[in-house]
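Structure record follows, encoded as structure tokens.
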Amino acid sequence: MEVKEAIRRRHSVRQYREIPIEEELVVELEKEIAAINREADLHIQFVRNEPKAFQSWLAHYGRFRGVSHYFALVGRKRPGLDETCGYYGERLVLRAQQLGLHTCWVALTYRKIPEVFTIDTDERLTVVIAVGHGQNRGLPRKSKSAEAVSNVSSQTPSWFREGVEAALLAPTATNQQKFYLTYGADGKVKAKAGLGFYTAMDLGIVKYHFEIGAEQGHDIWSS
């Protein structure tokens with residue numbers, strides 16, 4: 001499955017089958033995590049066979065069931081950490097989708113189990129991502145229009161619209177989609193987060209989707 005197809009097929013899944021993830025898939029995910037940690041100076045960790053984090057009333061409130069595997073997105077405390085975790089966390093999410101697994105970003109409705117992952121004194125846990133074999137494939141959600149989140153028009157290049165359309169498929173906290181993408185006269189794109197919780201992390205997720213949809217590298221962004 002190509003990553004563009006993974007973007008189209010991937011939906012948030014909250015109920016999982018209580019079975020292990022196949023070892024060959026674990027190997028592929030660990031390889032991706034190692035590559036991301038080197039590239040982005042992160043400390044993402046893969047927690048497996050640990051159900052306690054999703055057995056609290058918070059998890060039940062969030063309608064999670066059967067979660068025992070998750071990615072802990074940890075990184076060194078620094079400006080831009082949330083956006084970085086969003087960008088590279090979504091890269092990991094889409095790799096999991098390509099491998100036939102399901103995922104869900106989880107910000108609040110879980111309990112931290114400190115003994116199952118490592119957070120150094122200069123690091124912070126941002127969020128976790130549930131992963132495993134879903135009981136279903138999830139459902140599409142309502143989305144804003146391309147015009148509501150960007151300055152796309154008949155005057156902007158086709159790759160920009162394709163990037164915006166991919167960005168609209170990005171998961172955001174409570175589906176808030178509080179971002180705006182502006183195509184500039186210099187051919188660069190400015191991405192701005194709106195006001196709200198986890199919008200910086202959402203922006204990282206959105207930027208990764210945009211790059212895939214537009215088939216542009218990371219240098220497409222203007223400061």
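The values are calculated or read from the model by the stated rules, or taken from the named source; none is laboratory data. The structure displayed is predicted, hence computed values, not measured ones. Quick reminder, even Gly has a Cβ in these numbers, built from the backbone with ideal geometry, and neighbours come from all protein chains shown. Surface accessibility is based on the protein's heavy atoms, side chains included, excluding ligands, DNA and RNA. Shrake-Rupley method; radii C 1.70, N 1.55, O 1.52, S 1.80 Å.
Filtered by the rule that a residue be at pLDDT 95 or above and more than 15 Å from residue 149 (Cα to Cα), segment 188-203 gives 188, 198, 200, 201.
Checking the stated criteria, residue 185 turns out to be of a type outside the set (Asp, Glu), open to solvent by 50 Å² or more (accessible area, probe 1.4 Å) and either touching a Cys at 6+ places or on another chain (Cβ under 8 Å) or without any contact (Cβ under 8 Å) to a residue 40 or more places away in the chain (or both).
When 121, 174 are checked against the criterion of being open to solvent by 20 Å² or more (accessible area, probe 1.4 Å) and within 25 Å of residue 54 (Cβ to Cβ), a single residue qualifies: 174.
The residues in segment 199-223 that are assigned to a loop (DSSP other than H, G, I, E, B) and touching a Cys at 6+ places or on another chain (Cβ under 8 Å) can be counted, and the count is 0.
Quick one: what pairs do we get from segment 149-164, first residue farther than 9 Å from residue 183 by Cα, second at pLDDT 95 or above and small (Gly, Ala, Ser), C-beta under 6 Å, 6+ apart or different chains? What qualifies is 159/214; 162/213; 162/214; 163/213; 163/214; 164/146; 164/150. Between 86, 80, the distinction of being surrounded by fewer than 24 Cβ atoms within 10 Å (Cβ to Cβ), at pLDDT 95 or above and of a type in the set (Gly, Ala, Ser) belongs to 80 only. Is there a residue being open to solvent by 10 Å² or more (accessible area, probe 1.4 Å), closer than 25 Å to residue 122 by Cα and not in a loop (DSSP other than H, G, I, E, B) anywhere in segment 24-31? Looking through segment 24-31, at least one residue is open to solvent by 10 Å² or more (accessible area, probe 1.4 Å), closer than 25 Å to residue 122 by Cα and not in a loop (DSSP other than H, G, I, E, B). Please verify whether residue 48 is under 29 Å from residue 5 (Cα atoms), open to solvent by 60 Å² or more (accessible area, probe 1.4 Å) and in contact with a strand residue (DSSP E or B) (Cβ under 9 Å, 6 or more places away or on another chain), treating the condition exactly as stated. For residue 48, the condition - under 29 Å from residue 5 (Cα atoms), open to solvent by 60 Å² or more (accessible area, probe 1.4 Å) and in contact with a strand residue (DSSP E or B) (Cβ under 9 Å, 6 or more places away or on another chain) - is met.
Restricting segment 1-23 to residues that are among the charged types (D, E, K, R) and in contact with a Lys or Arg (Cβ under 8 Å, 6 or more places away or on another chain), the residue that is most open to solvent (accessible area, probe 1.4 Å) is 9.
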